[in-house]
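The values are calculated or read from the model by the stated rules, or taken from the named source; none is laboratory data. Owing to the predicted nature of the structure, the values given are computational and were not obtained by experimental measurement. Here Cβ is always computed from backbone atoms with ideal geometry, including for glycine, and neighbour counts include all displayed protein chains.
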Amino acid sequence: MAHLRPVDRLVVDVALDNLSDNYSSKPPHVSPEFNNVLAAGAKELSGQTLCCAQLGLALVLTAHVGDRRHTLLFDAGPEGALFVRNCQNLGVSLAEVEAVAVSHGHWDHMGALLDALDHMSQGHPGQRVPCHVNPGMFLERGARLTNGQVMPFQHVPGPEELAAHGAQVINSGDPRSLLDDYFYLSGEIPRVTSFETGRPDHLCRQAMDRPWEPDPLIMDERYLAVNVRGKGLIVFSACSHAGIGNVLLNAREVFPDVPLYGALGGLHLGGAAMEPRIPDTVAFLRRFALQQIMPAHCTGWRALCALVNAFGESVVTPSAVGSRFTF
């Protein structure tokens, strides 16, 4: 069993997500964007003081134990200028971020990483920022569109580029605990369930001059976990390419003595190929008795509706850019 220190409090700032939603009411543990930008110093509500949504995900997690805390960036979203602006508007200091964990090698999770590292390095003069990746992230990626055309994905920054921007690159496929065991970054996620068979349109190639090959499983994906004292394990699954069922099964196996409390992240159940999996996913989630389900990013509105209908608003709280979750 991996070691993960229970933390007293966990604050999650949604620095980037697909959705902007300022008007829907939030449960008490979620501070809405309006409140957050005003607390960060905004003098008025305007297009310049609010956050911008964009396809992707970036989470800044701050875990507290007594009077100590550690801050981790989990993914950085697709575009540096937008990510940095959102963090500034939320009062999130990238100079206080001590490490980065990357979920998988897609542009909408790594495109802003170089700019993020540049700003993080300002808070660590003369030191490199640990950046946790795995070797499978650096293939060329693409997708086959509905018209049959293959659309290449933006190339993600490789280990040498990350190092040139101040990263201490930890490039390993192994699971690991981060920042005094406040956070756990998984290893490869076993594919166990029968219905979570990956993304059928996804392709990869070894280099730009090599042929495209099917890559539905996206085996480089990893999840992050935090053990919150008095609640249990909160699992962050950025896209759930492995399937959220497989992610939670692995988390329960790795931490058998810690109850599963919640899951936040994209479930990748949008689109004609993925939406037929929604009923099986909802049914499978019942076995975990999660107290909080926080769909984000690539979940899709049909899956979100199905989750709310199955588990209710007391359990399901959609993520939105600019929100701050506190556990």
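Listed by first and then second residue, the pairs with beta-carbon distance under 9 Å, at least 6 apart or on different chains, first residue in the stretch 314-327 and over 21 Å from residue 63 (Cβ atoms), second modelled with pLDDT under 95 and of a type in the set (Phe, Trp, Tyr), form an empty list.
A search for C-beta distances below 9 Å between a residue of the stretch 1-26 that is in contact (Cβ under 8 Å) with a residue 24 or more places away in the chain and any residue that is among the acidic types (Asp, Glu) and assigned to a loop (DSSP other than H, G, I, E, B), counting only pairs 6+ apart in sequence or on different chains, returns 1/257; 2/181; 3/181; 4/181; 5/180; 5/181; 16/75; 16/79.
Out of curiosity, is residue 15 in contact with a Cys (Cβ under 7 Å, 6 or more places away or on another chain) and either part of a loop (DSSP other than H, G, I, E, B) or modelled with pLDDT of 95 or more (or both)? Spelling it out, residue 15 is indeed in contact with a Cys (Cβ under 7 Å, 6 or more places away or on another chain) and either part of a loop (DSSP other than H, G, I, E, B) or modelled with pLDDT of 95 or more (or both). Identification of helices (runs of 4 or more DSSP H) wholly contained in the stretch 211-311 with 3 or more residues that are within 18 Å of the chain's Cα centre (by Cα) and closer than 22 Å to residue 72 by Cα yields 244-254. For the stretch 200-250, the set of residues classified as within 14 Å of residue 106 (Cβ to Cβ) and either in contact with a Cys (Cβ under 9 Å, 6 or more places away or on another chain) or buried (at least 21 other Cβ atoms within 10 Å of the Cβ) (or both) consists of 203, 215, 218, 220, 221, 222, 237, 238, 239, 240, 241, 242, listed by residue number.
In the stretch 275-292, which residues are within 18 Å of residue 264 (Cα to Cα) and out of contact with any Phe, Trp or Tyr (no Cβ under 6 Å at 6 or more places or on another chain)? Across the stretch 275-292, the qualifying residues are 278, 281, 282, 283, 284, 285, 286, 287, 288, 289, 290, 292.
Identify, please: which residue in the stretch 72-109 is assigned to a loop (DSSP other than H, G, I, E, B) and β-branched (Val, Ile, Thr) and is, among those, nearest to residue 58 (Cα to Cα)? Selected residue: 102.
Exactly one residue out of 8, 21 is among the charged types (D, E, K, R), closer than 18 Å to residue 262 by Cβ and surrounded by fewer than 21 Cβ atoms within 10 Å (Cβ to Cβ), and it is 8.
Pick from the stretch 80-124 the residues that are touching a strand residue (DSSP E or B) at 6+ places or on another chain (Cβ under 6 Å) and of a type in the set (D, E, K, R): which of them is nearest to residue 48 (Cα to Cα)? Looking at residues that are touching a strand residue (DSSP E or B) at 6+ places or on another chain (Cβ under 6 Å) and of a type in the set (D, E, K, R), I get 96. Flag: residue 198 does not match the condition of being over 25 Å from residue 64 (Cα atoms), in contact with an Asp or Glu (Cβ under 7 Å, 6 or more places away or on another chain) and among the small types (Gly, Ala, Ser).
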